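> Just dropping this structure here.
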Amino acid sequence: MNPTPQHSEEAVARAANSRLVRDFGLLIKSATRLEQCIDRALRRECGISHTMLEVLIRLCRKPGEQVSQRQLADDLTLTSSGTTRLIDRMEEAGLVCRVQSPGDRRVVLVEPTAEGRTAFLHAAAVHAEVVEKYFVQPLTADDHAQLIGALSVIDKALREGTR
């Protein structure tokens, strides 16, 4: 689409440099950089990805709970095939195992192995160190509390707005 007199290069540049675009971009860049930092630390120190840790968090949240692959895909916002490949890799690494649902043979459940729970504890400690260093320490306690409060308000508005 060529700029028309109504869409001058200056108007386009103003829109691209608007406060809303900049502010949201800062949020996304910061979150992405933090996620990348966590992923590098987990790969280096634990041999797992951040996404694998997210699976283990979900599986370890309630002791004894078995979670379906479909629920994992929904919780992690992954495609069904992406979740299958991820669980394949985690199963090969001995972190999780698949079991058939006793109530529905079509449903595949995933649960952490003993090795997976051990890996989770190590990875959770590494995750906490990175989050503390880059998400908590740079802020004052009051600023951190305000940030968490603001993010909670945004999350609630998004959850309510997508119903």
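> If a residue must be surrounded by fewer than 17 Cβ atoms within 10 Å (Cβ to Cβ), within 17 Å of the chain's Cα centre (by Cα) and closer than 14 Å to Arg89 by Cβ, how many such residues does region 34-53 contain?
As a first pass, look at region 34-53 and keep what is surrounded by fewer than 17 Cβ atoms within 10 Å (Cβ to Cβ): 34-37, 40, 43-45, 47.
Cutting the leftovers down to within 17 Å of the chain's Cα centre (by Cα) gives us 34-37, 40, 43.
This time we only want the ones that are closer than 14 Å to Arg89 by Cβ, so: 43.
Summing the residues that are surrounded by fewer than 17 Cβ atoms within 10 Å (Cβ to Cβ), within 17 Å of the chain's Cα centre (by Cα) and closer than 14 Å to Arg89 by Cβ in region 34-53 gives 1.
> Let me ask something else about it. Got at least one residue in region 90-110 being in a helix (DSSP H, G or I) and under 18 Å from the mean Cα position of the chain (by Cα)? First the steps, then the outcome.
To start, the set of residues in region 90-110 that are in a helix (DSSP H, G or I) comprises 90-92.
With under 18 Å from the mean Cα position of the chain (by Cα) added as a condition, the list becomes 90.
There is at least one residue in region 90-110 that is in a helix (DSSP H, G or I) and under 18 Å from the mean Cα position of the chain (by Cα).
> With respect to the numbered conditions (1) under 26 Å from Glu129 (Cβ atoms); (2) loosely packed, with under 14 Cβ neighbours inside 10 Å; (3) not hydroxyl-bearing (Ser, Thr, Tyr), which one is the sole condition not fulfilled by Ala15?
(1)
> Given the residues Leu139, Leu72, Leu78, which is the only one that is under 21 Å from Ile38 (Cβ atoms), touching a helix residue (DSSP H, G or I) at 6+ places or on another chain (Cβ under 9 Å), part of a loop (DSSP other than H, G, I, E, B) and modelled with pLDDT under 95? It would help to see each step written out before you state the result.
On the way: Leu139 fails: modelled with pLDDT under 95; Leu72 fails: part of a loop (DSSP other than H, G, I, E, B).
Matching residue, one of Leu139, Leu72, Leu78: Leu78.
> Next question, about the same structure. Out of Val110, Val96, report the one residue that is closer than 23 Å to Arg44 by Cβ, crowded, with 17+ Cβ neighbours inside 10 Å, β-branched (Val, Ile, Thr) and touching a residue at least 24 places away in the same chain (Cβ under 8 Å).
Checking each option against the conditions leaves just Val96.
> Could you give me the residue pairs with C-beta distances under 6 Å whose first residue belongs to region 80-91 and is under 13 Å from Val110 (Cα atoms), whose second residue is surrounded by fewer than 21 Cβ atoms within 10 Å (Cβ to Cβ) and of a type in the set (Gly, Ala, Ser) wherever it lies, and which are 6+ apart or on separate chains?
Thr83/Ala73
> Pull out all pairs, ordered by first then second residue, where Cβ-Cβ is under 8 Å, the residues are six or more apart or on different chains, the first lies in region 40-56 and is modelled with pLDDT of 95 or more, and the second is surrounded by fewer than 16 Cβ atoms within 10 Å (Cβ to Cβ) and not in a helix (DSSP H, G or I).
Gly47/Ala93; Ile48/Ala93
> Can you tell me how many residues within region 57-79 are in contact with a Ser or Thr (Cβ under 6 Å, 6 or more places away or on another chain) and either touching a residue at least 60 places away in the same chain (Cβ under 8 Å) or surrounded by fewer than 14 Cβ atoms within 10 Å (Cβ to Cβ) (or both)? I'd like the intermediate steps shown before the answer.
Residues of region 57-79 in contact with a Ser or Thr (Cβ under 6 Å, 6 or more places away or on another chain): 69, 72-73.
Keeping just the survivors that are either touching a residue at least 60 places away in the same chain (Cβ under 8 Å) or surrounded by fewer than 14 Cβ atoms within 10 Å (Cβ to Cβ) (or both) gives none.
Number satisfying all stated conditions: 0.
The values are calculated or read from the model by the stated rules, or taken from the named source; none is laboratory data. Please read all numbers here as calculations on a predicted model, not as lab measurements. FYI the Cβ positions are ideal-geometry reconstructions off the backbone, even for glycines, and counts take in every protein chain you see.
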